[in-house]
Amino acid sequence: MNDNANLNLAKRQVAAIKGFYIHLAVFVLVMGILLAIDATTGPGWWVQWPLLGWGAGLLAHAFVVFGQSPSMVANWEARKVEAVKRRLDERASASLKRPAE
């Protein structure tokens, strides 16, 4: 990998980490508000359901950002870019080979 590719990969990873922290901050803020609403309104607790659902999504986001998944995603992305580039190159070379009408 050259320096430019490493720089681009580093920028994408930092952006993914930043996105996770924004997600976490919004989660904590909204869950705090929902907990306060739940505590001050009628009997029965319902706040655990959004906490569990959104919490599962937050855990999945954390796994993607900090777990093994980023390399898998980066590898998939690199393979996909190569496949699309190859297809575009083939299309361009095929159009050059066609006789002019």
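Determine, from the Cβ-Cβ distance of residue 85 and residue 20 and an R0 of 41 Å, the FRET efficiency 1/(1 + (r/R0)^6), rounded to the nearest 0.05. Provide the component values of the computation, followed by the final result.
Numbers: r = 30 Å, r/R0 = 0.72.
With R0 = 41 Å, the Cβ-Cβ based efficiency is 0.85.
Near residue 80, which lysines are there with a Cα under 21 Å away, not counting those fewer than 8 places off in the same chain?
11
I'm spelling it out carefully: the read-out is Rg and Dmax of the Cα atoms in Å, the candidates are (1) 15.3, 55; (2) 15.8, 49; (3) 23.0, 79, and one was derived from this structure. Which label?
Computed from the coordinates, Rg and Dmax of the Cα atoms in Å corresponds to (3).
Under the rule of -39500 (n - 2.57) per DSSP H run of 4 or more residues, summed and divided by the residues of the chain, what mean residue ellipticity at 222 nm is obtained, to the nearest 500 deg cm²/dmol? Write out the running numbers ahead of the final one.
Values: 3 runs with 86 residues, N = 101.
For the chain, the value works out to -30500 deg cm²/dmol.
Got a number for carbon plus sulfur as a percent of the chain's accessible area, 1.4 Å probe?
Details: 5460 of 7990 Å².
Whole-percent figure for carbon plus sulfur exposure: 68.
Roll a 1.4 Å probe over the protein chains and send me the accessible area per residue for the chain in Å².
Values: 7990 Å² over 101 residues.
Heavy-atom accessible area per residue stands at 79 Å².
For the Cα atoms of the chain, what angle does the longest principal axis make with the long axis of helix 3-40, in degrees from 0 to 90, nearest 10?
On a 0 to 90 degree scale, this one is about 20.
The values are calculated or read from the model by the stated rules, or taken from the named source; none is laboratory data. Model, not experiment: these values are computed from the prediction. Neighbour counts are summed over all protein chains in view; Cβ atoms, including those assigned to glycine, are modelled from backbone coordinates with ideal geometry. Only protein heavy atoms, including side chains, enter the accessible area calculation; ligands, DNA and RNA are left aside. Shrake-Rupley method; radii C 1.70, N 1.55, O 1.52, S 1.80 Å.
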